[in-house]
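What follows is a short report on a single structure.
The values are calculated or read from the model by the stated rules, or taken from the named source; none is laboratory data. This one's a predicted model, so the numbers in the text were calculated from it and none came from an experiment. Using ideal geometry, Cβ is built from the backbone for each residue, glycine included, and neighbour counts are taken over all protein chains shown. Ligands, DNA and RNA are stripped out before the accessible areas are found, and what is left, the full protein with its side chains, is counted by its heavy atoms. Shrake-Rupley method; radii C 1.70, N 1.55, O 1.52, S 1.80 Å.
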Amino acid sequence: MVRPIGAPGRLVRVTALTALFGAALLPLGGCLGGGTTRRASPPEAALTPPVEVPQAPPAAGGPTPGVPESITPMASGGPRIGAGTVKVALVLPLTGQGSTVGAAMRNAAQLAFEEAQRPDLTILVEDDHGTPDGARDATREALQQGAEIVLGPLFAGSVQSAAAVAKAAGKPVIGFSTDVTVAAPGVYLLSFLPQPEVDRVVEESVASGKRSFAALIPETAYGNAVEAAFRETVARRGARVAAVERYPAGNPAPAVARLARVITGPGATADALFIPETAEAMPAVAAALSKAGFSPARVRPVGTALWNEPVLFALPALQGGHFAAPDRSGFSAFSGRYQARFGAVPPRVTSLAYDAVTLAAALARQYGSQRFAEVTLTNGAGFAGVDGTFRFRPDGQSERALAVYEIRNNAATPVSPAPRVLAKPAI
């Protein structure tokens, strides 16, 4: 379910299959849920009891993967989900680059619509063909049909093209790209961004006594963005950056050798080592660290949600390492419902489409003509959804409540749960 954490003194909860799955979704401006075993929620004394909106269970024996049977083809534009008075565009790559993921995200939007008890929405599903030009044309078509907000696209260039059209029409965009450079006022990113992950894992490390951070950072666009976030967060948390080394993709050994003086041996001056590397490239980094005599028991490895891959959990150099990522329980529950409905395992990013549609439905139900206004979408209290509590910043970036996991003995175990409430926004 999606629940807005909205107006003062009020909590409105839009429940999706609570009795069956024990997971609640909050409209954006509220919270979206996560994916491991969920503990009972503590009482919320400062809030009035939530208003429960009953949800119908998904129809038994749903269709197999493909176009869901309740998506109606239209003579003008793409197919539609629902027939409500509030029109919402969903722009995805249904053909061309990314079409497999796009089709799964469309299915997730269908599931969200059904679990929101068929709200007063018409979702205009538009194919951007995985290109910026396609996104521009798809967005223009949806706006001509009366769309009040654009959900998607998936790729950065496509988000930019869609945003140019939507902003000219005075309509907001909730994009799914992870490239923070495409965020802007009125162009909000619901995706998993590196800044909140870096902030969370550094915060937890400092709270547990780490004061001196070294970093091994790949020479990639992601590495560039994460290095800036890392330096800023370490300074803000009152710790120090002992050393930073960059390395070209696939060749970490020279950088590890240069960093050895601060991360190996009894004279190591760092007590944490930040490595924002992918699951595919991390084994080479870990091997270079082990060869150089790196001991994770002396210097704690720390990373981002890129580490949330079981293939990494047995690497000797990462034992005892910490990384920040969304709570798993919400996605696990969502994945089970998706598989029951469509007969396939959903790609990880499909939860973004689910939460975006659930949010749109909840805001349309609760906020009338202000449903997609900037003040509504940037509510500082945030929203709760499949991947935990989140909020949109006025600059278009998003913040998320994340858990911190520890890698040990072929598993990643939560050592600091995701908070249910985000910290007060910085002024």
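Rank by packing, highest mean first: peptides 266-277, 151-162, 389-400, 224-235, with packing defined as the count of other Cβ atoms within 10 Å averaged across residues.
On the way: 266-277: 20.2, 151-162: 26.8, 389-400: 21.8, 224-235: 18.6.
For the peptides 266-277, 151-162, 389-400, 224-235, the packing ranking is 151-162, 389-400, 266-277, 224-235.
If you average the C-alpha positions of region 262-278 and of region 328-369 separately, how far apart do those two centres end up, in angstrom?
Using only Cα atoms, the two centres lie 39 Å from each other.
Give the relative contact order (percent, whole number) for region 138-278; include only Cα pairs under 8 Å separated by 6+ residues. Could you put the intermediate results ahead of the total?
Numbers: 212 pairs, mean separation 27.5, N = 141.
The normalised contact order for region 138-278 reaches 20 percent.
Can you tell me which of 308-316, 349-357, 287-295 comes out highest on packing, and rank the rest after it, using the mean Cβ neighbours within 10 Å? It would help to have the intermediate numbers written out before the result.
Working: 308-316: 15.8, 349-357: 27.6, 287-295: 17.4.
The peptides rank, most packed first, as 349-357, 287-295, 308-316.
Which lysines, on any chain, are close to Lys291 with Cα under 18 Å apart, when same-chain ones fewer than 8 places away are left out?
Filter leaves no residues.
Quick one: what are the phi-derived ³J(HN,Hα) couplings along region 194-210, Karplus 6.51/-1.76/1.60 with θ = phi - 60°, whole Hz, x for glycine and proline?
Ordered by residue, 3J(HN,Hα) equals x, 4, x, 5, 4, 4, 5, 6, 5, 4, 5, 5, 5, 4, 8, x, 7 Hz.
What are the residues whose amide H is under 5 Å from the amide H of Ser398, where those residues sit 5 or more places off or on another chain and H is modelled from the backbone?
Amide H neighbours of Ser398, under 5 Å, 5+ apart: Leu189, Arg393.
Could you do me a favour and compute the accessible area per residue for region 265-383, 1.4 Å probe, result in Å²?
Working: 3990 Å² over 119 residues.
Heavy-atom accessible area per residue stands at 34 Å².
Among 239-249, 332-342, what's the highest-first ranking by average C-beta atoms within 10 angstrom per residue? Provide the component values of the computation, followed by the final result.
On the way: 239-249: 16.5, 332-342: 20.4.
Highest-to-lowest ranking by the protection proxy: 332-342, 239-249.
Using alpha carbons only, how many angstrom separate the centre of region 386-400 from the centre of region 186-205?
Going from one Cα centre to the other spans 8 Å.
Please list, or write none, the aspartates and glutamates whose alpha carbon is within less than 15 Å of the alpha carbon of Lys424, excluding same-chain residues fewer than 8 places away.
Asp199, Glu399
Straight-line reach from Lys167: which lysines have a Cα under 23 Å away, not including same-chain ones fewer than 8 places off?
Lys87
Could you state the accessible area per residue of region 109-170 in Å², with a 1.4 Å probe and every protein chain left in place?
On the way: 2040 Å² over 62 residues.
Heavy-atom SASA per residue in region 109-170 reads 33 Å².
I need the phi-derived Karplus couplings for region 402-411: 6.51 cos²θ - 1.76 cosθ + 1.60, θ = phi - 60°, integer Hz, Gly and Pro marked x.
Here the 3J(HN,Hα) series is 10, 8, 10, 10, 10, 8, 6, 6, 6, 8 Hz.
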